[in-house]
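The values are calculated or read from the model by the stated rules, or taken from the named source; none is laboratory data. Everything numeric in this text was worked out from a predicted model, so none of it was measured. Glycine gets a Cβ as well: all are built from the backbone with ideal geometry, and neighbour counts include every protein chain shown.
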Amino acid sequence: MAKAGRSSLERRHITLIVDNDAIRIVVFRGRRVTAWGTANHHSGVNEEWPEAEQDDQSLPLLMRRMGIQRGKTISGLSLHLSLVRNLELPKIGRRYLPQVIASEIEEQIPFMLGEVDLVWRAHKKTSHTSQVVAIATPRQGMNQHVQWLKTAGVKVRGIYAKSTALASTSGLEDGILAYLQEGSAELVAVRRGVPVAVHGVKVSIDGQQAEETAHEIFRAVEQVAGYQASLDIEEERDLLPVVLMGQMANPIEFSERLGQLSGRTVSSMPLTVAYPPHFPASEYAANIGLAAAHAASAPTWWKVGAKRPRTLNLLPERDAPRPFPLKFLATSAALLALGFLAFNSLAPAHRAVSSEVSLLSAHLSTLQNQERQERLLLASAQARAEDLQAGNLAAQSLGITLETLNVDRQLLLERLVAATSEAVPSGITLTGISLQGTSLGMSGSGSSLDSLITFSTALRESGLFKEVRVVQVSGTETTAASNLGLAGPSAGGIVFQMKATMALDTPAGTP
């Protein structure tokens with residue numbers, strides 16, 4: 001735990017995050033670090049939500065050691081509690097976008113939609129698609145995390161995913177963040193300034209195992225880069241840069257080795273805040289990112305022309321602070337006082353015109369009621385007309401579609417029958433043809449296996465079928481038909497069943 005000088009003219013912000021078994025706190029005055037500290041975090045018996053254990057007293061003890069009695073805090077949520085999903089959706093109206101996103105997310109997470117808090121942001125729009133990043137947080141874990149903070153005397157102003165904090169720290173538009181800590185490393189893929197994927201690996205930050213750790217990080221970087229590339233298949237990209245953060249025994253040597261392995265540009269965390277010389281900025285990178293994420297809308301934090309991060313505050317509305325309306329009360333009191341003075345000075349004139357004002361008010365109220373009723377009737381009529389027009393258009397479209405499908409189906413059947421009839425060689429007799437979805441089932445008899453092979457080859461070369469296979473052949477070229485008790489072929493013949501899968505797009509000029 002350490003402190004630095006601070007100014008009373010700047011607002012204080014407290015950032016708190018849990019890294020494995022460590023609780024890290026950094027206090028800011030504006031953009032300047034004034035205090036920081038770390039305490040061990042013991043999860044006790046609660047293994048499912050370790051950072052929500054309410055019996056853990058490490059946080060209150062750390063805050064007392066740092067001289068923080070109570071404070072408004074920005075907290076980070078670990079990667080396993082914030083499920084990041086990147087969606088590419090067709091262009092739809094904003095009115096229906098929340099329902100579509102909720103439906104897509106429910107199919108991609110191991111929770112029911114009612115069990116999570118969902119926030120999202122569209123970060124790229126084209127004429128045909130919208131790309132959305134969404135973060136789903138299990139409601140049980142969020143509630144326990146907030147309760148744990150409240151028990152420690154913390155007033156929560158914002159909760160951000162750890163991936164969002166790291167992305168805000170780096171200022172990357174497109175790249176990969178590697179955050180190292182004792183026992184593990186967390187990698188975040190950033191796309192257009194938004195974290196779109198996270199990945200964790202077990203590593204050691206011991207300097208004696210630096211080579212092994214560099215190889216582990218290299219493999220993880222390539223996995224994340226592969227996913228990043230899959231999001232924009234049509235775009236050609238150079239090798240994405242890597243930004244290293246966290247705890248490292250020899251940061252410079254480790255960066256150089258990782259750059260040699262990956263062939264990528266590897267850099268350390270950029271300096272976005274002011275801090276004392278002995279402050280381990282890389283170790284507290286997530287805390288710095290929390291402050292930057294929460295200050296995304298604060299003009300005093302960012303330099304002129306600087307690109308601000310796109311952040312998502314995960315704090316549920318049910319837990320958000322409700323400020324006391326002091327300005328509203330003061331303004332109301334002043335207006336009431338002025339009104340009282342004005343009323344006393346104008347009392348004689350007010351009594352003279354009070355009766356006329358009452359009559360005018362009653363007449364105005366009647367006219368307003370009539371206008372309101374007419375607006376409601378007009379709106380109702382317009383809505384019914386729009387619904388009727390939409391229904392008529394839908395019915396017309398459906399009728400045209402059905403008619404087209406019937407015509408296409410009839411033409412396809414005629415072409416299939418014609419092609420099948422022409423493809424039947426001598427020595428093959430069809431006894432049955434049935435339509436099975438997008439396939440034709442055919443049964444019949446033949447004089448020999450050669451005639452059956454000739455028949456199947458002709459069907460394949462017709463262009464109407466993308467697959468033709470013989471399902472079953474009974475009999476041999478001598479006596480198999482009679483042994484199986486099958487009627488139709490003579491001695492030496494065969495009985496067969498075939499299945500031909502229709503090609504959805506037949507070549508032009510096919511009969």
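Structure summary
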| read-out | value |
| --- | --- |
| Residues of segment 82-113 that turn out to be touching a residue at least 24 places away in the same chain (Cβ under 8 Å) and surrounded by fewer than 10 Cβ atoms within 10 Å (Cβ to Cβ), as a count | 1 |
| Positions within segment 360-413 being among the β-branched types (Val, Ile, Thr) and farther than 30 Å from residue 503 by Cβ, in sequence order | 366 |
| Any chance residue 431 is over 17 Å from residue 502 (Cβ atoms), among the β-branched types (Val, Ile, Thr), within 40 Å of the chain's Cα centre (by Cα) and modelled with pLDDT of 85 or more | no |
| Count of segment 241-258 residues which are outside any loop (DSSP other than H, G, I, E, B) and surrounded by fewer than 17 Cβ atoms within 10 Å (Cβ to Cβ) | 4 |
| Every pair of residues 6+ apart whose Cβ atoms lie under 6 Å, when the first sits in segment 209-234 and is farther than 15 Å from residue 184 by Cα while the second is among the small types (Gly, Ala, Ser) and modelled with pLDDT under 90 | 224/189; 227/197; 228/189 |
| Meets criteria (surrounded by 15 or more Cβ atoms within 10 Å (Cβ to Cβ), among the hydroxyl-bearing types (Ser, Thr, Tyr), at pLDDT 80 or above and assigned to a strand (DSSP E or B)) for residue 445 | yes |
| Single residue of 239, 261 found to be on the phi < 0 side of the Ramachandran plot, in contact (Cβ under 8 Å) with a residue 24 or more places away in the chain and within 25 Å of the chain's Cα centre (by Cα) | 239 |
| Where residue 124 falls short, out of the listed (1) at pLDDT below 85; (2) under 17 Å from the mean Cα position of the chain (by Cα); (3) surrounded by 21 or more Cβ atoms within 10 Å (Cβ to Cβ) | (3) |
| Tally, over segment 275-294, of residues that are farther than 25 Å from residue 159 by Cβ and touching a residue at least 40 places away in the same chain (Cβ under 8 Å) | 2 |
| Residue identified as in a strand (DSSP E or B), within 24 Å of residue 40 (Cβ to Cβ) and within 17 Å of the chain's Cα centre (by Cα) among 179, 160 | 160 |
